[in-house]
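Below is one structure, written out as structure tokens; the observations come after it.
Quick note: the coordinates plus some simple rules give every number you see, no bench work behind them. Please read these numbers as outputs of a predicted model, since none were measured by experiment. Cβ: placed from backbone, ideal geometry, glycine included. Neighbour counts: every protein chain shown.
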Amino acid sequence: MLAYFENPNELATKRQQLNLLYLRQEQFVSSVLQLAENNETDRKVWTDIARMHMHNMSDHLFVAFEKYFLTSTEVKKNSTLEVWTFSTAIFFAVTTLTTIGYGNPVPITRAGRLACILFSLFGIPLTLVTIADLGKFLSEHLIWLYGNYLKMKHYLFRRVENRKEKREHVCEQCQHRGISPHMVPIEEQKFA
């Protein structure tokens, strides 16, 4: 929806900025050609005119890059690239709903800003409820998983203890003769 509102305005303003840049370039070339036609040989005149046009062009370039997100590729090729595509609109929506607010791109048109406000008004509370429900779901399942882990641990501990008790049972007579529960029986080897 934001791409629908913002894309036409974005392309139109970028095209307008590109046209102004190329107009400034034409003015610069025309000024230089005019100096050549007038057989102007004074270096200071050439430098002043070139410096004036360069300052104007660089000022315009900085504004176009910063305010209208024009790229150097767009200027070189004299064509506009879309910033507001479906994927950037989804990215903007997610950063808006999660209140992260990445900051680029942002809606510029009145309709885009109004849509963003309405979207945020209803979307942010729904996102918070969804995150809370997801947290509850995860905590319930983690508690269940931890409970089963403790049961399994207790069960395995009891089995090991029962095995130890069976192994450790040695009659009193054997204990008096020096046989301890920790001894390992060794089979006799027969010599042939």
Residue by residue through the range 128-156, note down the ones that are closer than 30 Å to VAL94 by Cα and polar (S, T, N, Q). THR130, SER139
Can you go through GLU40, GLU6 and tell me which one is of a type in the set (D, E, K, R) and under 25 Å from LYS77 (Cβ atoms)? GLU6
Pairs please, first residue from the range 89-109 and touching a residue at least 60 places away in the same chain (Cβ under 8 Å), second anywhere and assigned to a loop (DSSP other than H, G, I, E, B), Cβ atoms under 6 Å, 6+ apart in sequence or on different chains. PRO105/VAL83
Does SER58 satisfy being of a type in the set (Ser, Thr, Tyr), farther than 30 Å from GLU26 by Cβ and over 22 Å from the mean Cα position of the chain (by Cα)? no
Scope the range 41-73; condition over 30 Å from GLU10 (Cβ atoms) and either surrounded by 10 or more Cβ atoms within 10 Å (Cβ to Cβ) or touching a residue at least 40 places away in the same chain (Cβ under 8 Å) (or both); matching residues: VAL45, TRP46, THR47, ASP48, ILE49, ALA50, ARG51, MET52
I'd like to check which helices (runs of 4 or more DSSP H) are fully inside the range 40-124 and have at least 2 residues that are of a type in the set (D, E, K, R). 43-67, 72-77
Do you know which residues across the range 74-93 are of a type in the set (A, V, I, L, M), surrounded by 13 or more Cβ atoms within 10 Å (Cβ to Cβ) and within 16 Å of the chain's Cα centre (by Cα)? ALA89, ALA93
Step by step: first the residues of the range 9-30, then only those that are hydroxyl-bearing (Ser, Thr, Tyr) and touching a residue at least 24 places away in the same chain (Cβ under 8 Å), then the one that is farthest from THR109 (Cα to Cα). Which residue is that? TYR22
Residue hits (the range 61-88; within 13 Å of LEU21 (Cβ to Cβ) and hydrophobic (A, V, I, L, M, F, W, C)) are LEU61, PHE62, VAL63, ALA64, PHE65, LEU70, VAL75
